[in-house]
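Okay, so here's the structure we're looking at.
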Amino acid sequence: MTKRTWLGRAIGIVGMGALALGITACGPGGDGDGSAGGGAGGDDELVTVGFVAVGPEGAWREANEQNIQDTFSEDAGFELKFAPAANLDQASQIQAFSSFIDEGVDVILLSATAGAGWESSLQRAQEAEIPVILIDRGIEPDNTDLYVTRIAPDNLEVSSSVAEWALEEFPDGANYFVLEGPAGVSVVNERNEGWDAVMSEHPEFEKIGAQTANWSREEGRSVFETVLRANNNDIDLLFAQNDEMGLGAAQAVEEAGLVPGEDVKIATIDGTRAALEALADGQLTFVAEYNPMFGETALETVNTVLDGGTVDPYIIVPSETFDSPEAAEEALPDRQF
Amino acid sequence: MTAAEPIVEMHDISISFPGVKALDGVDFRMFPGEVHTLMGENGAGKSTLIKALTGVYQIDSGSIVVGGQRRQFQGTGDAQEAGVATVYQEVNLCPNLTIGENVMLGREVRGRVGISWKATHRAAAAALARLGLADLDPTRPLGSLSLAVQQLVAITRGTVFEPTVLVLDEPTSSLDANEVEQLFGVIRGLRDRGVAILFVSHFLDQVYEISDRITILRNGQFQGEHLTAELDRSTLISTMIGKDLATLRSLDAQRAQREHEEGARPVVRARGLGRAGGITPTDLELQPGEVVGVAGLLGSGRTELARLLYGADRADRGTVEIDGRPVTLTSPAVGLRHGLAYSTENRRDEGIIADLSVRENIILAIQAQRGWLRPVPRKEQDRLAERYITTLNIRPADADRPIKNLSGGNQQKVLLGRWLATNPDVLILDEPTRGIDVGAKAEIQEHVLELAGEGMALVFISSELEEVVRLSERILVLKDREKIAEIENGADVTAETIVATIAGHDQNAEVVA
Amino acid sequence: MTQTYSRLRAGLGALAHKPYIWGVLGIVALLIVNVTRDPGYLQISVNPANGYLAGNLLDILRESAPIVMISVGMCLVVATSGIDLSVGSVMAVSGAVAMEFLQAASAPQSTMSAAMALLLALTVSSLLGLVNGVLVAYVRLQPFITTLITMLAGRGLAKVITGGQNTSASSDGLAWIANGRVLGFPVVVIIAIALALLIGYLVRRSALGMMIEAIGINETASRMAGIKPHGLLITVYLLSGLLAGVAGVFSTATVMTVDVSNTGYLLELDAILAVVIGGTALSGGKFSLGGAVVGALLITTLDKTVVFLGVPSAATPAFKAVVIIVICLAQSSRVRALFRDRRGPVRMKERVA
């Protein structure tokens, strides 16, 4: 009896909190109108697309997911159901994925927060004959039978482009350090792979170490501060696997009384506006873009797949690199993320 | 009715816990086809004895013979195997399972593939029918039944494996009169089928109605075994509380005579104060400088009355006036503000703050009244601690020692100090002398008289009747959650008078739940 | 000379009986490990480039400031036999409010804007604490459930405030709090120490500490003694929210960016660990704010040591877990009793000798 009232209260409070804070607004199902299922729409031409997304993670992700949402518009003949993960939690993604299968959407777009653990969900989608297209993030193990294609900039390519730049910048080699994302994420593994593939051929580059800073600027600052102390500031090159960590590290370099770009050169991946500004400002030395704007590519792919055409299992979105303040300044005015 | 051979014979049982001898050489027997009641006040050792019989506790010395065989119970499973089933005070069943599943829990009938629920429910129906509960549908969920019927289901569950001994620990404590009758019907049925039943209850009427034999314990010691028909209520009560009638009779009540202004305004006047399930509406008046005793057995409603008077529980009927002004006592904080103080009978759970020091325990109530923003200055704290350590003779005399390291008697004195520090007009003492040594007991009694001499009104609650008689000017007698008498103390009033009042009232009273 | 020596001995003796002695020993052990790796580890020097005092110890102190703040708040909550799981999320909310305000402010560089941002962030954090307090004290929801709700809702709120973005802003005033120096000494450390001392003083000089302990040890008995727990509970949860707000400003202002997913993420667990390492039982009652501070310092030292030694990222959680388990085992009276029994006879011999 008492238990029941207690539970009732708890549920009430959760509900109230969720309403008040607008959590429901970003829950699966998205906007109220027309999301009741494929049949609800009066114009039966709309293609329903379920997007299992990562949600708030950073500027890059924001740009990427916004771009996809903008591309798959009703004008283009799509109804997009946007389901971002709750706090980057894979369980919430799997749940959203299942409900898209149950609703019987036409296509599912998936950006997995974690690579492993998708087999059974993808098999269910296959049984329901719903094509799944991976957006950006891959799955592990990478079984290409389970999905139609993966659309992403190539992490290997992007990170080896950073390494190639380093070879030019330091013809005599250098001591370098790597700031990684969280251990176990496929992006981290791929960016390491691309970098290491180049660096393993060049013994003049000495790897001092690698640490995770969880993609975070604050942690990037804190970790690199200690790394500099542990090595008596003797680090020539930092490879930060995302912009945020690189920006934090740049701050640590300054606080240590060193000059970023001279004493320590910092190369980052992503190419956000903040990073390009820092590049223009001389705090970063090299920024490799990891192009988030692949809404168009995704749209074309979806159409091809629905028309029964075949696509490559991996569609690479082309990316740029920026190696000077001037290049950054040039790109800044129309940077969208 | 009585078979020649006892089915249970416990001989010279002793069990010690750190610092306490819970059972000291106790004998106990049970006969087939008999209801046997275990009587005793709190701390007498009833539940310890039951737990020894049901295998929860292992005995330090003595012997247990069940069904003619000497037993060494290592756990409850052993006792069950020996044919001893127990139904505890709180119903521990699963409300979301069906009646049948509850009855057969752990004894489900196995079919060819796993459990056969059909057969299980048939077996449950048979067990229910044996107790005359054939009208209960075993497939109904238990949660839909009243507490009383759930209690019956719990008993049925206890009888599924046809025990020879059934222990019922306070099965009636939450039942009303009709439900008690229903339960007694089931108990009689089991008795007539030859089961030996151990019944524990605080309600004298019920004990006399259902039981054939009574064993009395006090302070962990065996006080005697009697056939119920041969034991009159006065003897039972005086044995439970530890004074034989001769002693009680010869005890010269050394009560202090105090003068009061005639017609002085009462400091507290309660009219029809009551609370459902606690105590029926009761009147009470307290004059300044007066000690009013409250006598009654455990469960008679004496603590409930005290808690209503202090504001620890909220009364749902009646009024209280303090100094002529009506007040609503909603919480202890309100009671304290009106000059009331209540020293609980449950020192450990409701009294001391174990990890805090003696000093902090003493100032706690006045600090609570001031609020946390106005701390009692350290000097004042030390002065108060010093004062009560000295006047109440608290040992060891160390204000900074955690109170948990003090003996029970000294903890009680610290608590007395806490209430005195609030300078109350009315002090309610609930069992202030229980479980403390003789010296501390005498000191506390002296303080009671002294405080009354200073004009404080005191309510003195105790199971020790002669203590109540010695200290009080008036005595409220409670029984079964009802005030049955208010006795003006005088030379002719003795503990025996009170025993007779309780016993006499019993004989012509209906069963009151 | 002998006098200072004996006083030092007495001081050390008192320390040995503190519940957080194992936390202190843990910090010392970690520092020794670091010194073995690099003899200059403890060195504090003046950075010629900017006149700042610099060194690993200062880094640890600076880094620990936010954790010290939430640990102090958590310690008070735990003492009432409650728990506050929302502190990490409140940090994110506080940071989000400050950054969003500064980004929108017309003159973000002015001291006025910085003060307003700070005030606004702390007000919102206190409100969240107040919500926790009211739900626990009046609605009688379990603290675990209540603060779990605010934890989830808080992070949601932070995302709503920033629109899901990681918001950056610039404000010299706020940055000074996090990165500035007074006489070369980090401002953030000075503020953290001052706040911890102030709260310690407030709690121990008023009757708050004793009354919190009383309800934590035995709420029924406290009520019977006339204590009204409502006000106390609300005060404690509000204080915890406020301190989490301060921590949020500290940690976002270092880089002037709030990362709604990462700021304060899982820090409630660090705070709970810090409180436990500091010798306050999760069941409530007697608490030690000093212990909580020691616990917070230990956790930061551990974090920094992991990086300094270059423990691979994948092995970091395991490394931290082992260190913390060892300290908790050392604290456990059972384990200590076990060792005492074993060493018993040896000690006897020592005494005879």
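Read-outs: derived from the displayed coordinates by stated rules, not from any lab. Since this is a predicted model, take the numbers as computed values, not measurements. Counting neighbours? That spans all protein chains shown, and the Cβs are built from the backbone with ideal geometry, glycine included.
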Next on the checklist: To test your reading of the geometry: what angle, between 0 and 90 degrees and rounded to tens, separates the Cα axis of helix B:408-421 from the longest principal axis of chain B?
Outcome noted: 50 degrees
Next on the checklist: Positive end of the dipole of the protein assembly as shown, charges at C-beta (+1 Lys, Arg; -1 Asp, Glu), about the Cα centre: which of B:Leu415, C:Pro143, C:Thr111 has its Cα farthest in that direction?
Outcome noted: B:Leu415
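Taking the radius of gyration and the Kirkwood hydrodynamic radius from Cα positions alone, what is the Rg/Rh ratio for segment B:352-423, to two decimal places? Show your work: numbers first, answer last.
Details: Rg = 11.0 Å, Rh = 11.8 Å.
My calculation puts Rg/Rh at 0.93.
Note down the Stokes-Einstein diffusion coefficient of chain B in µm²/s, whole number, using a Kirkwood radius over alpha carbon pairs, 37 °C, and 0.692 mPa s. Display every interim value, and only then the final one.
Values: Rh = 25.1 Å.
Once the numbers are plugged in, D ends up at 131 µm²/s.
Within 10 Å, count the other beta carbons around each residue, average over each peptide in A:292-301, C:138-147, and list them highest first. Walk me through the numbers on the way to the answer.
On the way: A:292-301: 19.5, C:138-147: 17.4.
Peptide ranking by packing, descending: A:292-301, C:138-147.
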Checklist entry - Helix B:177-192 versus the longest principal axis of chain B: what angle, 0 to 90°, nearest 10, using Cα atoms? => result 40 degrees
Next on the checklist: What number results when the radius of gyration of segment B:320-462, computed over Cα atoms, is divided by 2.2 N^0.38 Å?
Outcome noted: 1.01
Checklist entry - What list do you get for A:Phe100, A:Phe78, C:Phe287 if you sort them by fewest beta carbons within 10 Å? => result A:Phe78, C:Phe287, A:Phe100
Next on the checklist: Name the residue from B:Gly77, B:Gly67, B:Ala177 whose Cα lies farthest towards the positive end of the charge dipole of segment B:8-247, charges +1 on Cβ of Lys and Arg and -1 on Cβ of Asp and Glu.
Outcome noted: B:Gly77
Checklist entry - Dipole magnitude of segment B:49-161 about its Cα centre, charges +1 at Lys/Arg Cβ and -1 at Asp/Glu Cβ only, in debye to the nearest 20? => result 340 debye
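Using only the alpha carbon atoms of segment C:105-250, find the Kirkwood hydrodynamic radius as the inverse mean reciprocal pair distance, in angstroms to one decimal. Display every interim value, and only then the final one.
Numbers: mean 1/r = 0.0575 Å⁻¹.
Its Kirkwood hydrodynamic radius stands at 17.4 Å.
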Next on the checklist: Principal axis extents for segment B:8-247, Cα atoms only, whole Å, descending order, please.
Outcome noted: 65, 38, 31
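How big is the dipole moment of segment B:352-423 about its Cα centre under a simple scheme where the beta carbon of each Lys and Arg is +1, that of each Asp and Glu is -1, and everything else is neutral? Debye, nearest 20, please.
On the way: 12 positive and 7 negative charges, 29 e Å.
Charge dipole of segment B:352-423: 140 debye, to the nearest 20.
Using the Kirkwood formula on the Cα atoms of segment B:83-154, what hydrodynamic radius do you get, in angstrom to one decimal?
The answer is 12.5 Å.
Taking each residue of A:52-60 in turn, how many C-beta atoms of other protein chains fall within 10 Å of its C-beta, and what is the average? List each step's numbers first, then the result.
Values: counts 0, 0, 1, 3, 12, 6, 7, 4, 0.
If you average over the peptide's residues, the count of other-chain Cβ atoms is 4.
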Checklist entry - For the protein assembly as shown, what value does the Rg/Rh ratio take when both radii are computed over Cα atoms and Rh is the Kirkwood radius, given to two decimals? => result 1.06
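With each run of n ≥ 4 DSSP H residues scored as -39500 (n - 2.57), what mean residue ellipticity at 222 nm is computed for the protein assembly as shown after dividing by its residue count and rounding to the nearest 500 deg cm²/dmol? Don't skip to the answer; put the middle values down first.
Details: 43 runs with 573 residues, N = 1203.
That comes out to -15000 deg cm²/dmol.
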Item to check | Angle between chain B longest axis and helix B:358-370 axis [Cα atoms, degrees, rounded to 10] | outcome: 80 degrees
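Among C:Trp176, B:Trp372, C:Trp22, rank each residue by its count of other Cβ atoms within 10 Å, from fewest to most, as a rough exposure measure.
Values: C:Trp176 16, B:Trp372 20, C:Trp22 24.
Starting with the residue having the fewest Cβ neighbours, the order is C:Trp176, B:Trp372, C:Trp22.
What FRET efficiency comes out for the pair A:Asn175/A:Glu330, r = Cβ-Cβ distance, R0 = 30 Å, nearest 0.05? Could you put the intermediate results ahead of the total?
Details: r = 31 Å, r/R0 = 1.05.
Calculated transfer efficiency: 0.45.
State the antiparallel share, in %, of DSSP beta bridges confined to chain B, rounding to the nearest 5.
On the way: 43 of 76 bridges.
Within chain B, antiparallel bridges account for around 55 percent of the total.
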Checklist entry - Looking at B:Leu49, B:Val153, B:Phe199, which one has the Cα that reaches farthest to the positive end of the dipole of segment B:8-247 (charges on Cβ: Lys, Arg +1; Asp, Glu -1)? => result B:Val153
Checklist outcome for this item: Listing B:Arg269, C:Arg37, B:Arg418 by rising number of other beta-carbon atoms within 10 angstrom, fewest first, gives C:Arg37, B:Arg269, B:Arg418
Checklist outcome for this item: Here D for chain A, in µm²/s, from Stokes-Einstein with a Kirkwood Rh over Cα pairs at 37 °C and 0.692 mPa s, works out to 152 µm²/s
Checklist outcome for this item: Across chain C, qualifying lysine pairs (alpha carbons under 26 Å, at least 8 places apart or different chains) come out at 5
Checklist entry - Using every alpha carbon pair in segment B:63-205, what percent of pairs falls into each 10 Å bin from 0 up to the bin containing the largest distance? => result 11, 40, 35, 13, 1, 0
Checklist outcome for this item: If R0 = 60 Å, then B:Arg325 and B:Glu9, at their Cβ-Cβ distance, give a FRET efficiency to the nearest 0.05 of 0.45
Item to check | Under the span-like rule (Cα at least 20 Å along the axis, Kyte-Doolittle mean at least -0.5), DSSP H helices of chain C | outcome: C:2-16, C:21-37, C:56-79, C:87-104, C:111-137, C:143-162, C:187-205, C:229-253, C:289-309, C:316-331
Checklist entry - By per-residue mean of other Cβ atoms within 10 Å, what is the highest-first order of B:26-33, B:70-77? => result B:26-33, B:70-77
Checklist entry - What nm value, rounded to one decimal, do you get for the distance between B:Glu230 and B:Asp60 when each label is placed 7 Å out toward the C-beta? => result 3.2 nm
Checklist entry - Which shape class, rounded, prolate or oblate, goes with chain C when its Cα gyration tensor gives a ≥ b ≥ c as root eigenvalues, a/c under 1.5 marks rounded, and past that a/b bigger than b/c marks prolate? => result oblate
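In peptide A:176-183, what is the residue-averaged number of other protein chain Cβ atoms found within 10 Å of each Cβ? Before the final figure, lay out the partial values.
On the way: counts 0, 1, 1, 1, 2, 1, 2, 6.
Mean shielding by partner chains, rounded to a whole number: 2.
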Checklist outcome for this item: Computed over segment B:8-247, the relative contact order (Cα-Cα under 8 Å, seq sep at least six) in percent reads 28 percent
Item to check | Semi-axes of the equivalent ellipsoid for segment B:125-215, Cα gyration tensor, largest first, Å | outcome: 21, 16, 10
Item to check | Shielding score for B:362-372, defined as the mean number of other chain Cβ atoms within 10 Å | outcome: 6
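If you place +1 on the Cβ of every Lys and Arg and -1 on the Cβ of every Asp and Glu, how big does the dipole about the Cα centre of segment B:8-247 come out, in debye to the nearest 20? It would help to have the intermediate numbers written out before the result.
Numbers: 21 positive and 28 negative charges, 174 e Å.
That gives a dipole near 840 debye.
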